[in-house]
1. Looking only at residues in region 294-331 that are of a type in the set (S, T, N, Q) and modelled with pLDDT of 75 or more, which one is farthest from Ala39 (Cα to Cα)?
2. Taking only region 207-250 into account, find how many residues are open to solvent by 40 Å² or more (accessible area, probe 1.4 Å), over 30 Å from Ile83 (Cα atoms), assigned to a helix (DSSP H, G or I) and of a type outside the set (A, V, I, L, M).
3. Scan region 100-120 and give yes if some residue there is within 30 Å of Gly284 (Cα to Cα), assigned to a loop (DSSP other than H, G, I, E, B), open to solvent by 30 Å² or more (accessible area, probe 1.4 Å) and in contact with a Gly (Cβ under 6 Å, 6 or more places away or on another chain), otherwise no.
4. Could you please tell me which pairs satisfy a Cβ distance under 6 Å, a separation of 6+ or placement on different chains, a first residue in region 134-147 that is over 12 Å from Leu268 (Cβ atoms), and a second residue that is basic (Lys, Arg) and surrounded by fewer than 14 Cβ atoms within 10 Å (Cβ to Cβ)?
5. Taking the residues in region 169-186 that are in a loop (DSSP other than H, G, I, E, B) and of a type in the set (Gly, Ala, Ser) as candidates, determine which candidate is modelled with the highest pLDDT.
6. Spot the failing condition for Tyr257; the list is (1) under 27 Å from Leu18 (Cβ atoms); (2) modelled with pLDDT under 90, and only one is missed.
7. Kindly indicate which of Leu48, Leu80, Leu69 is exposed (fewer than 15 other Cβ atoms within 10 Å of the Cβ) and in contact (Cβ under 8 Å) with a residue 12 or more places away in the chain.
Amino acid sequence: MPQNKAATAAHHQMSPLLGVPLAVAAGIAIPVQGRVNGALGATLDDGLAAALVSFVVGLAVMIAASLLLPRGRAGQAAMLPVIRARKFPRWYLLAGAIGAIFVLSQGLTISLLGVALFTVATVTGQTVSGLLVDRLGIGPAGKKRINGMRVLGVVLTIAAVAWAVSPRLGAGFDVGSLLLPLLLPMAAGFLVSFQQAMNGTQTLHYGTPITATLVNLVSGTAVLLIAWLVKAYVAGAGNPLPGEWWYYLGGPLGCIYVGVTALLVRSLGVLLTGLGIIAGQLLGSLALDIVLPVPGSQVALATVLGTLLTLAAIVVATLPWPRVVLKSIGR
C-alpha cells in the first residue's frame, strides 16, 4: 500500500514549468474577483455582504460540482473515511476561515491603508510564511530546503510589489501612524500560506481539489455569515441584491483560485505557489487598469517595472541553480 501511494504521488508531480504559469493564471483571478466584489459591495452599500454573497455563490458552484462530476462524487465518498481516520489534523477543515479572515481584513483596513499598503502588507506576510511552511513541511509537498536563491526570491518579491504599488501611495502618506492597522493584513497574509498547505493536504487525501474547495467554502461561509449577522443586527442590512449576472462572478473565480492552489502546492510547495499567485495578482491588476480602468487608476512606469521584477523573482526562486551558485550565497 505505501508503494502504491508513493507511485500515485509521483504520478501527480507537476513540473514547475507547467505549475508556475498555472499559479500565475490563478493569481490573475484575484484582482478580477476583487473588482467584481468591490462593485457588488458598492451596489449593496455593504462590503461584508458582498464577501458573503461571493462565498455563498462559490459554495453553490462547488456543491453542484460535487454532485454532478464523477471526481466530485468520489471525493465526497472519500471525505468522511479520511476524516474519521485522522489522515490530517481536523483543524485543517477550518482552512476556509482563513479566507474569511483575509476578506474581513480587507473590509476593516483598506479604507484606512489604501489598496497599495494593504497589498504590500499581505504579500510580506505571505512570502515570509511561505518559506516557513515549506521548511516545516506542513504542506503535502513535504519539507523543502531553504536555500539562498529562495530567500533572494522572497526579498525581490516584496521589493517588487512595493515598487509596483508605489505610484498609488499618496504624497505625505504617514506609514508610521498606520503601523498598528498594517499588522492585521500582514497577519492575514501570513495565514494564507497555511491555508494553501491545509487545502493541499486535504486534496491529497480526498483525491481531488473539488472536495477540498467545497470544505474550504463551507467554513469560510460560516465565518462570514456570523460576522454579517452581527453587523446587520448592529448597523442594519444594506441594499437588495442586484439583478445583473456579472455581480456574482466573484464566487466562481474564488473557486478557481482555491482549487488550483490546493492542487499546485502538492508539487511546487507553498512558497513557489504563493510567488506565482502574487505575480498573477500584479499582472491581473495591471491588465485591468489598462483594459477596464476605474476612476483613480493609473498605469505608471514603476507599476510595469515592479511587475516584471516580480516575474524575475519567481525565476530566481524556481530555477535549479547549480550547487556552486547556492554555496556562494549560503544555503
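The values are calculated or read from the model by the stated rules, or taken from the named source; none is laboratory data. All of these numbers come straight from a predicted model, not from anything done at the bench. Counting neighbours? That spans all protein chains shown, and the Cβs are built from the backbone with ideal geometry, glycine included. We work out accessible area using only protein heavy atoms, side chains counted, and drop any ligands, DNA or RNA first. Shrake-Rupley method; radii C 1.70, N 1.55, O 1.52, S 1.80 Å.
1. The initial filter retains those residues of region 294-331 that are of a type in the set (S, T, N, Q), namely 297-298, 303, 307, 310, 318, 328.
Now narrow it down to the ones that are modelled with pLDDT of 75 or more: 303, 307, 310.
Details: Thr303: 23, Thr307: 25, Thr310: 28 Å.
Here the residue is Thr310.
2. 5
3. Step one: list which residues in region 100-120 are within 30 Å of Gly284 (Cα to Cα), which gives 100-120.
Of the ones still in play, those that are also assigned to a loop (DSSP other than H, G, I, E, B) are none.
Looking for residues that are within 30 Å of Gly284 (Cα to Cα), assigned to a loop (DSSP other than H, G, I, E, B), open to solvent by 30 Å² or more (accessible area, probe 1.4 Å) and in contact with a Gly (Cβ under 6 Å, 6 or more places away or on another chain), one finds none in region 100-120, hence no.
4. Gly137/Lys143; Asn147/Arg331
5. We begin by selecting, within region 169-186, every residue in a loop (DSSP other than H, G, I, E, B); these are 169-175.
Those still in the list that are of a type in the set (Gly, Ala, Ser) too: 170-172.
Working: Gly170: 60, Ala171: 52, Gly172: 56.
Among residues in region 169-186 that are in a loop (DSSP other than H, G, I, E, B) and of a type in the set (Gly, Ala, Ser), the one modelled with the highest pLDDT is Gly170.
6. Of the numbered conditions (1) under 27 Å from Leu18 (Cβ atoms); (2) modelled with pLDDT under 90, the odd one out for Tyr257 is (2).
7. On the way: Leu48 fails: exposed (fewer than 15 other Cβ atoms within 10 Å of the Cβ); Leu80 fails: in contact (Cβ under 8 Å) with a residue 12 or more places away in the chain.
Sole residue among the options that is exposed (fewer than 15 other Cβ atoms within 10 Å of the Cβ) and in contact (Cβ under 8 Å) with a residue 12 or more places away in the chain: Leu69.
Residue-by-condition table, conditions (1) open to solvent by 20 Å² or more (accessible area, probe 1.4 Å); (2) at pLDDT 80 or above; (3) assigned to a helix (DSSP H, G or I):
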residue	(1), (2), (3)
Arg135	yes, yes, yes
Leu152	yes, yes, yes
Ala160	no, yes, yes
Pro167	yes, no, yes
